[in-house]
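What follows is one structure encoded as structure tokens, with my remarks underneath.
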Amino acid sequence: MDRFLIIGERIHCISPVIRQAIADRNPAPILQRAKEQLDAGAVYLDLNIGPAERDGEEVMAWAVQLLQNEFDNVPICLDTANKKAIEAGIRVYNRSKGKPIINSADAGPRLGLLEVAAANDAMAIALCAKDGIPSDVEERITYCTEMLEKAMMLGIDPMDLLFDPLFLVIKGMQEKAPEVLETIRQITEMGLRTNAGLSNVSNGAPKHVRPIIDATYCAMAMQCGLTAAIVNPCDHRLMETIKTCDMIKGNMLYADSYLEL
């Protein structure tokens, strides 16, 4: 089996440092965060430029080339609701190390991003949502099925889709956590792959417990079949948990040094 796919989350315009670096076209902070994540075990880098309505195409193309030129064509997750920016990023993308991932389509207003994925032989994260937060497992599976049918009509390989059941914050929405795990289990039974925005789970919790919540919930989700997540790979507890789950699930061979692999 394939090892868990780790997508580094830390190049995100919500960070003042990254937002300013993008505005100034200053490579240093972006490259520093990229290196930290790759050194910590990230396979893909999520490149979140936000809505970028004014200059999204230029920003995405610049950032994709910056990262791939510096880090040997590192594969990238193109994270924006701006369709033209995603297309601009794909045009300059070198896929020698992996297809680009579009982050993200959904069953509602972003359904058209599946067409972008199909036209460019890209992978896509598919949020199991349409308008707001799904009410239960059944609604999530309904949206999953709708997007799967649309993707297959477009000729997309189902293995190029990462279905995201929409991880929700524990603080204030604790009752939803088991629903998300059950959704992952059912999607896995359909033979499909899943992804999570893991840090959403612990948002708002005290800083000292966030790594505990993230690592524990990730382990539970991996047991249900979760195959990928957008995470902070510099969280050592989380990375040790992911590697240990991979080893126990047989996704990697045991060695005394498995945490170093």
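When you scan the range 93-112, do you find a residue that is touching a residue at least 12 places away in the same chain (Cβ under 8 Å) and in a helix (DSSP H, G or I), even just one?
Looking only at the range 93-112, we keep the residues that are touching a residue at least 12 places away in the same chain (Cβ under 8 Å), and these are 93-108, 110-112.
Applying the additional criterion that residues be in a helix (DSSP H, G or I) yields none.
No: the range 93-112 contains no residue that is touching a residue at least 12 places away in the same chain (Cβ under 8 Å) and in a helix (DSSP H, G or I).
Quick grid of which residues meet (1) at pLDDT below 95; (2) within 17 Å of the chain's Cα centre (by Cα); (3) farther than 26 Å from Q37 by Cα; (4) not β-branched (V, I, T):
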position	(1), (2), (3), (4)
A105	no, yes, no, yes
G108	no, no, yes, yes
A126	no, yes, no, yes
T145	no, no, yes, no
I156	no, no, yes, no
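Which of (1) without any contact (Cβ under 8 Å) to a residue 12 or more places away in the chain; (2) touching a strand residue (DSSP E or B) at 6+ places or on another chain (Cβ under 6 Å) does E138 not meet, given it meets every other one?
Result: E138 fails condition (2) only.
Of all residues in the range 42-81, which are surrounded by fewer than 21 Cβ atoms within 10 Å (Cβ to Cβ), among the charged types (D, E, K, R) and touching a residue at least 24 places away in the same chain (Cβ under 8 Å)?
E53, E57, E58, E70, D72
Looking at I242 and the list (1) over 17 Å from the mean Cα position of the chain (by Cα); (2) closer than 23 Å to A40 by Cβ; (3) touching a residue at least 40 places away in the same chain (Cβ under 8 Å); (4) part of a helix (DSSP H, G or I), which single condition is not satisfied?
(1)
For the range 113-130, name all the residues that are in a helix (DSSP H, G or I), surrounded by fewer than 22 Cβ atoms within 10 Å (Cβ to Cβ) and in contact with a Leu (Cβ under 7 Å, 6 or more places away or on another chain).
Across the range 113-130, the qualifying residues are E115, A118.
Considering every residue within the range 161-172, establish whether at least one is of a type in the set (D, E), closer than 23 Å to G191 by Cα and surrounded by fewer than 17 Cβ atoms within 10 Å (Cβ to Cβ). Walk me through how you get there before you give the answer.
Going residue by residue through the range 161-172, those that are of a type in the set (D, E) are 164.
Now drop any that are not closer than 23 Å to G191 by Cα, which leaves 164.
From the residues that got through so far, the ones that are surrounded by fewer than 17 Cβ atoms within 10 Å (Cβ to Cβ) too are none.
Checking the range 161-172: not a single residue is of a type in the set (D, E), closer than 23 Å to G191 by Cα and surrounded by fewer than 17 Cβ atoms within 10 Å (Cβ to Cβ).
Restricting to the range 232-258, give me the number of residues that are loosely packed, with under 14 Cβ neighbours inside 10 Å and farther than 20 Å from S202 by Cα.
Number satisfying all stated conditions: 7.
Of the residues in the range 218-239, how many are part of a loop (DSSP other than H, G, I, E, B) and more than 24 Å from I11 (Cα to Cα)?
To start, the set of residues in the range 218-239 that are part of a loop (DSSP other than H, G, I, E, B) comprises 225-227, 232-235.
Subsequent filtering for residues that are more than 24 Å from I11 (Cα to Cα) retains 225.
Going through the range 218-239 one residue at a time, the tally reaches 1.
The values are calculated or read from the model by the stated rules, or taken from the named source; none is laboratory data. All figures in this text were calculated on a predicted structure; none of them were measured in a lab. Because the Cβ atoms are built from the backbone with ideal geometry, glycine has one as well, and the counts that use them run over all protein chains shown.
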